[in-house]
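To keep things clear, I will list the structure first and then write my remarks on it.
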Amino acid sequence: MTEKRVYIFGNGKAEGRADMRNLLGGKGANLAEMNLIGVPVPPGFTITTDVCNEYYAIGKERVVELLKDDVTKAVQHIENLMNSKFGDVENPLLVSVRSGARASMPGMMDTILNLGLNDEVVEGLARKTGNTRFAWDSYRRFVQMYGDVVLGMKPTNKDDIDPFEAIIEEVKEAKGVKLDNELDVEDLKELVKRFKAAVKAQTGQDFPTDSHEQLWGAICAVFDSWMNERAILYRKMEGIPAEWGTAVNVQAMVFGNMGDTSATGVCFSRDAATGEDLFNGEYLINAQGEDVVAGIRTPQQITLEGSRRWAALAGIDEETRAAKYPSMEEAMPEIYKELDAIQTKLENHYRDMQDMEFTVQEGKLWFLQTRNGKRTGAAMVKIAMDLLRQGMIDEKTAIMRVEPNKLDELLHPIFAKEALAKAKVIAKGLPASPGAACGRIVFFADDAAKWAKDGHKVIMVRIETSPEDLAGMQVAEGILTARGGMTSHAAVVARGMGKCCVSGAGMLNINYKERTIEVDGLTLKEGDFISLNGTTGQVYEGQVTTKAAEVSGDFADLMDLCNKYSRLQVRTNADTPHDAQVARNFGAVGIGLCRTEHMFFEGEKIKAMREMILAETSQERQKALQKILPYQKEDFKGIFRAMDGYPVTVRLLDPPLHEFVPHDDKGQQEMADAMHVSLDYIRKRVESLKEQNPMLGHRGCRLGNTYPEITQMQTRAILSAALELKAEGINCRPEIMVPLTGIRYEFEAQEKIIREEADKLFSEMNTSIEYKVGTMIEIPRAALTADRIALHAEFFSFGTNDLTQMTFGYSRDDIASFLPIYLEKKILKFDPFQVLDQNGVGQLIKMATEKGRSVRPDLKCGICGEHGGEPSSVKFCHRVGLNYVSCSPFRVPIARLAAAQAAVEDTL
Ligand code: PEP
Ligand code: MG
């Protein structure tokens, strides 16, 4: 806590600086900095964010007392520079009062303009400016804003309209006009009178006439607005702590509405949507700031080029454009030149794209704000790479400028912005797999296939998905589930497919029998259109138009740059040659996890797999396995081929068995026919496979150790595929991975089976290939005894989905029931299945890596849980010295960027 509470600026001097944003807020810090670099800024002062905290700690009265002298002096400072006096009738100074937090919170807090007016001062302002209409228009705007923000005027009528807006409407109606600017001086006087009467009627108070009283009211109102509902909600969404507080900026007013040599506008030093290096923006002649956004008048473009582009889109011919909507470059060429020079100066100074606000008062240009502009993912990449090429930033800065998660936007189709604005949100779930999707509702895989075959786009809607739904998921544009978290089947599979998915939308009542979704009184049927935003978790009624994402050449350049700096490698989780190829194109340097059970989801393969599971004797099992072997071998060949030259980690079978067997009559009958047994027999077998806790049941290496023939068959399939490809000249680097090891001997028993089968195969084929045998570390006991397991295991791959499940004791499929409440109550800061819990699960990873390497220094360690594509988790993996992360194909670029950022952070 510093003792200095007020920082002044003006006329090329300032007590603050750009790097003081924590204390002065973003706006305050930049206003100070702009002064220091010679940008014309109306003089003013900033009350610090610390004072906001004091305000809430010791109360309004004491804070006003503490601030009094400093604020009085600061106001005098503005008066001196502006050559006018606050509250003076003949030569009045008016001020604006604005909020400004450390992080930008657009529109969340309050602003008051034209402060310092009363019934006498307004006349003085009219005389001083020779513009009576302007003076009265400013006054009525002030009374309206101050009434709303400081005096808390609320709607009283049934239509819930702002009481001042209601009065304006009445006056306009009585006069028979439509627009505010058709009101004359007498009308504006009438408005002020009626506004003040409304204030008195609703609050019982007279509207304050003393300028200092007005100022204190406004300062306190800005502090109060830090705790208004929308600011609290916004902070929650953006993870902004309440302790940051807001600063208050008080500045001399400058007016863009003083006639045709005055104007106001907003501009960007580059295009925020595309990233193009093109100065752009909008302005209005003879207007105040809010008119640009209010939509009453069509704002005009600042540059000639922007104006021509705008006209082309709006279908306006050049002649009309030039006459009716001239650019600022044409209409105010001198001011434009100055504006252009300053925007360049600001961008060069901050070395980033700037978003600026300005006002021109009677031919003089003033800057009111500058900040680093918000931008799309595509613009983010382009701007970083352009700034690098232009020599404005270095390579490390370019890497750090790009937000990994925003790369997603470059990889998936997106909704058209205009379409989204009109769409109706009907539900919200977890943003399980990013992208945009739109299609007809279907509930069953068969139907999905049918509808898709008939040329329809479909969205697969399920209470939750299971492997049986995969065929449906494959043809669907997107997947929506009522249950399940970020690592639920639907989410994992959808991400793997790069398919949009919203999971855990609990408010949906899905009725399979009726084939309907009921939500909030609305009923949707099979075949109705629905749209999903997998990036936000929002579900929309009807069709929202999508457009294909564009990937520019800058994206590839950025990825090359990442390779130059990163140490951590990025592999992919892929179960099909197609996924492997996609990931390789995104720069994956191997497969970190191939889940073999995912290879059995289709047609004949699932039948053979079911036969294997339903078999009761080893002999029957062997028979079924022999059917599976050729399928497996072909699948592995496809994957090895796609990953020629790179390591491929194939995990032995790890399904909860019960998930794979048919649960419906039709499926059970099919298996009875195939296996020449009765339906009743199949039912009983299915029943007997049921477990209370399948995730903790007969899965992973428990399966391979109880049914060694499965491990034998898989080893044979993997290595014979590799040998056959080797003969074709393909460089296969197989790594066989044992899942769910908890005890050293569990692993060693599996390893023995693998090595024996391999030796047998090699001698049968009279050739051999190098391969590794390692294990998943996904059970806490395995992490705790990693030095014993590493005696035999040649590599570790941390399965952080299960490791999180078992470390927390949270079922990964049932977390949706309590997670939102835990997040709300801040018991959990984030979903540990999405973001690696560095203090708990992360410590197990760190310890196991160290223990493992203590007995095997060259032990290769990676991570293959869902966290492998999450930036903060990737950075943690770098810091604890893992060799690689492995993630779904569509997250590979994100992980590559995060890995490079982690390496750069080491050097900062
Ligand atoms: C894991 O547990 O992290 C893992 C990768 O395996 P699965 O998600 O298939 O259980
Ligand atoms: Mg696992």
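Summary of values
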quantity	calculated
Within segment 640-679, considering residues that are within 16 Å of ligand 2 (Cβ to nearest atom) and among the acidic types (Asp, Glu), the one nearest to Glu602 (Cα to Cα)	Glu659
Number of positions in segment 824-849 that are without any contact (Cβ under 8 Å) to a residue 12 or more places away in the chain and within 17 Å of the chain's Cα centre (by Cα)	2
Test result for Leu93, within 46 Å of the chain's Cα centre (by Cα) and either over 30 Å from Met20 (Cα atoms) or surrounded by fewer than 20 Cβ atoms within 10 Å (Cβ to Cβ) (or both)	no
Filtered residues of segment 792-821 (kept if away from ligand 2 (no atom under 12 Å from the Cβ), open to solvent by 10 Å² or more (accessible area, probe 1.4 Å) and not in a helix (DSSP H, G or I))	His792, Glu794, Gly809, Tyr810, Ser811, Asp813, Asp814, Phe818
Residue in segment 680-690 that is of a type in the set (Gly, Ala, Ser) and either open to solvent by 70 Å² or more (accessible area, probe 1.4 Å) or within 16 Å of ligand 2 (Cβ to nearest atom) (or both) present	yes
Candidates Glu748, Glu770 - the one that is open to solvent by 70 Å² or more (accessible area, probe 1.4 Å) and either over 30 Å from Leu723 (Cα atoms) or more than 16 Å from ligand 2 (Cβ to nearest atom) (or both)	Glu770
Residue in segment 574-595 that is on the phi > 0 side of the Ramachandran plot, in contact (Cβ under 8 Å) with a residue 24 or more places away in the chain, away from ligand 1 (no atom under 16 Å from the Cβ) and under 31 Å from the mean Cα position of the chain (by Cα) present	yes
Which numbered condition Phe762 misses (of (1) over 27 Å from Tyr646 (Cα atoms); (2) not in a loop (DSSP other than H, G, I, E, B))	(1)
Subset of segment 364-377 [of a type outside the set (Val, Ile, Thr) and more than 14 Å from the chain's Cα centre (by Cα)]	Lys364, Leu365, Trp366, Phe367, Leu368, Gln369, Arg371, Asn372, Gly373
Matching option when the condition is assigned to a helix (DSSP H, G or I) and either open to solvent by less than 20 Å² (accessible area, probe 1.4 Å) or in contact with a helix residue (DSSP H, G or I) (Cβ under 9 Å, 6 or more places away or on another chain) (or both), among Ala135, Ala103	Ala135
Test: residue in segment 638-655 that is buried (at least 20 other Cβ atoms within 10 Å of the Cβ), hydroxyl-bearing (Ser, Thr, Tyr), within 16 Å of ligand 1 (Cβ to nearest atom) and farther than 26 Å from Asp446 by Cα	yes
Residues located in segment 551-574, provided they are touching a Phe, Trp or Tyr at 6+ places or on another chain (Cβ under 9 Å), under 16 Å from Pro647 (Cβ atoms) and either open to solvent by less than 20 Å² (accessible area, probe 1.4 Å) or modelled with pLDDT under 95 (or both)	Leu568, Val570, Arg571, Thr572
So Leu524, is it surrounded by 13 or more Cβ atoms within 10 Å (Cβ to Cβ), modelled with pLDDT of 95 or more and not assigned by TED's automatic domain parsing to the domain that holds Asp447	no
Filter result for Lys374 (touching a residue at least 12 places away in the same chain (Cβ under 8 Å), part of a loop (DSSP other than H, G, I, E, B) and either surrounded by fewer than 20 Cβ atoms within 10 Å (Cβ to Cβ) or not assigned by TED's automatic domain parsing to the domain that holds Gln288 (or both))	yes
Answer from Ala263, Ala272, Ala242, Ala198 - the residue that is within 37 Å of the chain's Cα centre (by Cα) and at pLDDT 90 or above	Ala263
Tally, over segment 625-660, of residues that are among the hydroxyl-bearing types (Ser, Thr, Tyr) and out of contact with any Pro (no Cβ under 9 Å at 6 or more places or on another chain)	2
Qualifying positions in segment 341-362 - under 23 Å from Ala287 (Cβ atoms) and in contact with an Asp or Glu (Cβ under 8 Å, 6 or more places away or on another chain)	Gln354
Filter result for Phe195 (crowded, with 20+ Cβ neighbours inside 10 Å, in a helix (DSSP H, G or I) and either in contact with a Gly (Cβ under 7 Å, 6 or more places away or on another chain) or touching a residue at least 12 places away in the same chain (Cβ under 8 Å) (or both))	yes
Per-region count, segment 773-791, residues among the hydroxyl-bearing types (Ser, Thr, Tyr) and either surrounded by fewer than 24 Cβ atoms within 10 Å (Cβ to Cβ) or within 11 Å of ligand 2 (Cβ to nearest atom) (or both)	1
Strands (runs of 3 or more DSSP E) contained entirely in segment 410-452, each with at least 3 residues that are touching a residue at least 24 places away in the same chain (Cβ under 8 Å) and surrounded by 17 or more Cβ atoms within 10 Å (Cβ to Cβ)	430-433, 436-442
Qualifying residue in segment 118-128 (condition: part of a loop (DSSP other than H, G, I, E, B), surrounded by 14 or more Cβ atoms within 10 Å (Cβ to Cβ) and modelled with pLDDT of 95 or more)	yes
Flag for Tyr707 being closer than 21 Å to Lys633 by Cβ, more than 16 Å from ligand 1 (Cβ to nearest atom) and outside the structural domain of Asn573 (by TED's automatic domain parsing)	yes
Residues satisfying the stated conditions in segment 852-900, i.e. among the polar types (S, T, N, Q) and crowded, with 24+ Cβ neighbours inside 10 Å	Ser873, Ser886, Ser888
Residue count for segment 1-60, restricted to those that are surrounded by 23 or more Cβ atoms within 10 Å (Cβ to Cβ), among the acidic types (Asp, Glu) and either out of contact with any Asp or Glu (no Cβ under 9 Å at 6 or more places or on another chain) or in the same structural domain as Glu338 (by TED's automatic domain parsing) (or both)	0
Residue in segment 608-625 that is buried (at least 21 other Cβ atoms within 10 Å of the Cβ), touching a residue at least 24 places away in the same chain (Cβ under 8 Å) and either within 16 Å of ligand 2 (Cβ to nearest atom) or at positive phi (or both) present	no
For Ala323: the one exception among (1) modelled with pLDDT of 95 or more; (2) hydrophobic (A, V, I, L, M, F, W, C); (3) farther than 25 Å from Ala899 by Cα; (4) assigned to a helix (DSSP H, G or I)	(1)
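Quick grid of which residues meet (1) within 45 Å of the chain's Cα centre (by Cα); (2) charged (D, E, K, R):
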{"residue": "Glu659", "(1), (2)": "yes, yes"}
{"residue": "Asp673", "(1), (2)": "no, yes"}
{"residue": "Tyr681", "(1), (2)": "no, no"}
{"residue": "Lys690", "(1), (2)": "yes, yes"}
{"residue": "Asn693", "(1), (2)": "yes, no"}
{"residue": "Tyr707", "(1), (2)": "yes, no"}
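The values are calculated or read from the model by the stated rules, or taken from the named source; none is laboratory data. Given the structure is predicted, the values throughout are model-derived calculations rather than measurements. In this analysis, Cβ positions are derived from the backbone assuming ideal geometry, glycine residues included, and neighbour counts consider all displayed protein chains. Heavy atoms of the whole protein, side chains included, go into the accessibility calculation; ligands, DNA and RNA do not. Shrake-Rupley method; radii C 1.70, N 1.55, O 1.52, S 1.80 Å.
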